[in-house]
Structure formats: C-alpha cells, structure tokens
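The values are calculated or read from the model by the stated rules, or taken from the named source; none is laboratory data. Keep in mind that what you see is a predicted model, and the values were worked out from it rather than measured. Ideal geometry is used to build each Cβ from the backbone, glycine not excepted, and the neighbour counts take in all protein chains shown.
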Amino acid sequence: MNSKAQSKPEHKLKYILIAVTAALVIAAGAVVSIWLSKPNITASSEKAEGTLFAMDTYMTFAAYGENGKDAIENAKKLIQDCEALWSVTDENSEIGRLNLTGTLVASSETVRLLTFAKEYCAYTNGCFNPAVYPLVRAWGFTTGEYRVPDESEINALLNSVDIDNLKIKGNTVTLEPSAMIDLGGIAKGYAGDLVIDSFRTRGINSALISLGGNVQALGTKPDGSAWKIGIQSPYDNALIGVVDVIDKCVITSGVYERYFVAEDGTVYGHIISPFTGKPASKGLVSVTVICDRGSFADALSTSLFVMGTEDAIEFWRTHEGFDIVLMSDDGTVYVSEGVFGAYT
Ligand code: AMP
Ligand code: MG
C-alpha cells in the first residue's frame with residue numbers, strides 16, 4: 001500500500017481536483033501554468049557582520065551561516081594583505097617597489113592582477129590603463145595636494161602612459177624608466193572576488209560585501225529573495241535607482257568619490273583619460289556595472305567613465321557579459337535591458 005497516500009489523504013483530493021480542472025481547461029482550449037516553488041533551505045539566517053577601513057575606503061561585510069564570523073575575520077585579513085601588496089602610496093608594497101625600482105619578483109596574486117589589468121587595457125581599447133599613474137599623481141590625486149598641471153607637463157607625462165611599458169615574465173615584472181602603475185581602478189573589485197571566493201570555500205552561500213562603492217553579493221538573501229542594491233546619486237544622498245541581484249556585483253565609478261574644484265570653478269575628478277592626460281569629462285557623472293566578477297566590473301566602470309556617454313553605450317551594445325546604469329551630466333539615466341524588471 002502507498003504510505004504517502006494513506007498518511008495524507010487530503011493530497012489525493014487536491015490532485016484529483018487539479019487534474020479535473022486541467023482537463024476542463026484543456027478541453028476549453030486554454031493552458032494553465034502552475035508555478036511551484038520551494039522554501040530556501042540552503043542559507044542559514046545566522047548573521048555575522050564586520051567593518052574595516054582599508055584601501056582608502058570604508059568597508060562592510062555581512063555573511064549568513066555557521067562560519068560567518070570566521071569568514072569575515074578572514075576576509076578582513078585578506079583585504080589588508082591585498083592593500084599591503086598593491087597600495088600605490090606605500091613604498092614597501094609590491095606596486096610601490098615596482099614603481100620605485102622598475103623591477104620586482106612579484107607574488108602570484110600580484111602577477112594575476114597585473115595580467116588582468118593588461119588584458120582589460122586591451123579589451124577596453126586603452127581606456128582602462130593602470131600606466132596612467134604619473135598623471136594621477138601630477139593632478140594630486142595620490143597626495144590630496146590638488147593642482148592643474150600645464151599642457152607641456154601633461155604632454156611629457158603622457159609619453160610614459162603605455163601598458164607595454166609593463167612586462168611580465170613568470171613572476172618577474174619590469175617597468176620601463178619613467179613608467180608607473182596604479183591598480184586603484186581594479187584592486188577593490190579583485191579583492192572583493194577573493195573575499196567572495198573565500199566565503200564560498202568556507203561554506204557561506206549568502207553574503208553581501210561593500211568595499212566603498214563596490215558591492216558584491218553572494219547567493220540570495222537568507223530568505224531566498226534577491227539583494228536590493230541602491231545606486232547612490234552623485235549629487236546627494238538620494239538614490240539613482242535600486243537593482244535586484246543574486247550572485248552579482250554592482251560597482252560604481254564617479255567623480256564624486258574623489259575630486260577637487262579649481263579656482264575657475266571647474267570640477268576635476270580622479271578618473272584620468274589616458275588619451276588626454278586630463279580628468280575624463282565626456283558627459284558621465286556616474287557609471288555602474290553589474291556582472292559576475294568584481295575585477296571585470298571594476299575595470300569596466302572606470303573604462304566606461306573614460307569613454308563617455310555615447311561610446312560607453314556603444315561598448316555595452318557590442319560586448320557581452322555585463323549590464324550598465326549610467327547617469328549623464330544632464331541627469332539622464334540609461335539602464336541596459338539585462339536589468340529591466342530588476343531595476344526600480
Ligand atoms: P574607480 O574608482 O574604480 O573608477 O578607480 C579610479 C582610480 O583608478 C583612480 O583613483 C586612479 O587611482 C585610477 N585611475 C584613474 N584613471 C584611470 C584609468 N584611466 N585607468 C585605470 N586606472 C585609473
Ligand atoms: Mg574601477
């Protein structure tokens with residue numbers, strides 16, 4: 001005898017009713033879809049939280065599950081290790097030493113990140129270019145001692161902005177004289193990927209981290225619903241919009257993160273066009289990239305900002321694997337179709 005049918009006779013009745021209803025509906029020429037869902041039993045709702053100031057920004061971590069607390073402590077250590085490797089203002093970091101001496105036997109993590117950086121430079125037609133550092137420095141964005149360099153200084157420094165000046169052979173990295181590298185446009189996204197991967201290996205399947213403007217979500221919220229990520233307006237505390245994501249990152253680049261106002265009132269932001277040597281100003285005030293990997297989203301958000309409104313939209317049209325929310329300086333917000341329905 002079927003024990004299921006015996007212990008739950010009411011189910012039998014339900015199935016008969018559904019079958020009869022379905023037969024009537026089909027006979028009437030219509031088809032009914034019955035949506036079935038299971039409660040989320042994968043994520044524990046035990047929440048662990050942490051904060052950290054590192055990489056020049058305020059970071060928050062939330063992880064759900066048994067190992068959340070340990071996972072967050074490990075994540076903080078991981079980020080601090082990344083900062084110790086890649087801080088451009090620390091002469092003892094690997095990037096600091098590379099810039100100072102022109103040569104470095106690098107850690108595998110640094111080699112991987114530099115290799116990515118070179119690939120993204122090619123992929124974005126040079127808009128993402130870590131070799132732009134001499135100009136980032138000349139405009140004062142490294143020290144906070146802001147200034148407007150004159151054309152001759154900019155032109156002289158532009159001569160060294162060439163990613164081919166950076167060479168990687170095994171773990172040996174070299175830089176041509178006068179070239180310098182800054183991984184500030186990708187390091188946080190890459191570090192976020194390392195954190196999310198480390199959460200996964202510790203059995204966490206629901207987590208949200210925010211490294212400054214970089215938000216990365218692992219899985220769903222513990223109740224199985226999507227994470228709701230607000231995109232901050234560059235002008236005030238309001239939001240441009242809110243995007244629902246599962247297992248994705250939402251990474252924003254904008255002038256408002258770091259900028260200065262010159263004597264003539266011009267606002268200069270920290271994203272430098274590798275083509276002009278000046279702060280990028282081609283119509284965008286905020287660029288958000290939504291995709292699976294933080295390193296990709298981070299490099300891309302910086303690059304699209306350099307491209308400007310029209311070229312950024314064209315780049316999205318002709319490339320795969322990411323969505324965008326752009327705000328232009330006339331206040332128009334462009335939202336790509338992959339987030340239609342998930343954007344409010
Ligand atoms: P993000 O906030 O990710 O857009 O990165 C901006 C930071 O990346 C700046 O503060 C610089 O350190 C660096 N940076 C500026 N311009 C570029 C560029 N065109 N390509 C790569 N990195 C850049
Ligand atoms: Mg970036």
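Being more than 30 Å from residue 227 (Cα to Cα), of a type in the set (Val, Ile, Thr), out of contact with any Phe, Trp or Tyr (no Cβ under 6 Å at 6 or more places or on another chain) and within 16 Å of ligand 2 (Cβ to nearest atom) is not true of residue 105. It is to be established whether one or more residues within the range 215-233 are of a type outside the set (Ser, Thr, Tyr), within 12 Å of ligand 2 (Cβ to nearest atom) and under 19 Å from residue 290 (Cα atoms). No, the range 215-233 contains no residue that is of a type outside the set (Ser, Thr, Tyr), within 12 Å of ligand 2 (Cβ to nearest atom) and under 19 Å from residue 290 (Cα atoms). The sole residue among 315, 275 that is among the hydrophobic types (A, V, I, L, M, F, W, C), out of contact with any Pro (no Cβ under 9 Å at 6 or more places or on another chain), under 27 Å from residue 146 (Cα atoms) and surrounded by fewer than 21 Cβ atoms within 10 Å (Cβ to Cβ) is 275. Scanning the range 212-224 for residues that are more than 18 Å from residue 325 (Cα to Cα) and touching a Leu at 6+ places or on another chain (Cβ under 9 Å), we see that the one that is surrounded by the most Cβ atoms within 10 Å (Cβ to Cβ) is 218. Once the range 158-194 is narrowed to residues that are of a type in the set (A, V, I, L, M) and in contact with a Lys or Arg (Cβ under 9 Å, 6 or more places away or on another chain), the residue that is nearest to ligand 2 (Cβ to nearest atom) is 163. Just one of the listed residues (183, 194, 218) is in a strand (DSSP E or B) and either of a type in the set (A, V, I, L, M) or closer than 29 Å to residue 231 by Cα (or both), and it is 218.
Scan the range 58-103 for residues that are surrounded by fewer than 16 Cβ atoms within 10 Å (Cβ to Cβ) and either at pLDDT below 95 or assigned to a loop (DSSP other than H, G, I, E, B) (or both) and the total you get is 5.
Evaluating residue 242 against the criteria (1) touching a Gly at 6+ places or on another chain (Cβ under 7 Å); (2) away from ligand 1 (no atom under 12 Å from the Cβ); (3) outside any strand (DSSP E or B) leaves one unmet condition, (3). Tell me whether the range 33-41 contains one or more residues that are touching an Asp or Glu at 6+ places or on another chain (Cβ under 8 Å), at pLDDT below 90 and surrounded by 11 or more Cβ atoms within 10 Å (Cβ to Cβ). Taking every residue of the range 33-41 in turn, at least one turns out to be touching an Asp or Glu at 6+ places or on another chain (Cβ under 8 Å), at pLDDT below 90 and surrounded by 11 or more Cβ atoms within 10 Å (Cβ to Cβ). Taking the numbered list (1) in contact with a Gly (Cβ under 6 Å, 6 or more places away or on another chain); (2) under 20 Å from residue 298 (Cβ atoms); (3) of a type outside the set (Ser, Thr, Tyr) in turn, residue 205 passes all entries but (2). Only one of the listed residues (282, 248, 278) is in contact (Cβ under 8 Å) with a residue 60 or more places away in the chain and away from ligand 2 (no atom under 15 Å from the Cβ). That residue is 278.
From the list 233, 198, the one residue that fits, being farther than 22 Å from residue 93 by Cα, away from ligand 1 (no atom under 16 Å from the Cβ) and modelled with pLDDT under 95, is 233. Residues of the range 214-223 that are within 23 Å of residue 198 (Cβ to Cβ), more than 16 Å from ligand 1 (Cβ to nearest atom) and not basic (Lys, Arg): 217, 218, 219, 220, 222. The single condition among (1) surrounded by 14 or more Cβ atoms within 10 Å (Cβ to Cβ); (2) within 16 Å of ligand 1 (Cβ to nearest atom) that residue 145 does not satisfy is (1). Scanning the range 197-208 for residues that are outside any helix (DSSP H, G or I) and either within 16 Å of ligand 2 (Cβ to nearest atom) or touching a Leu at 6+ places or on another chain (Cβ under 6 Å) (or both) yields a single hit, 207. Can you confirm whether the range 225-233 contains a residue that is buried (at least 18 other Cβ atoms within 10 Å of the Cβ) and assigned to a helix (DSSP H, G or I)? The answer is no, given that none of the residues of the range 225-233 is buried (at least 18 other Cβ atoms within 10 Å of the Cβ) and assigned to a helix (DSSP H, G or I).
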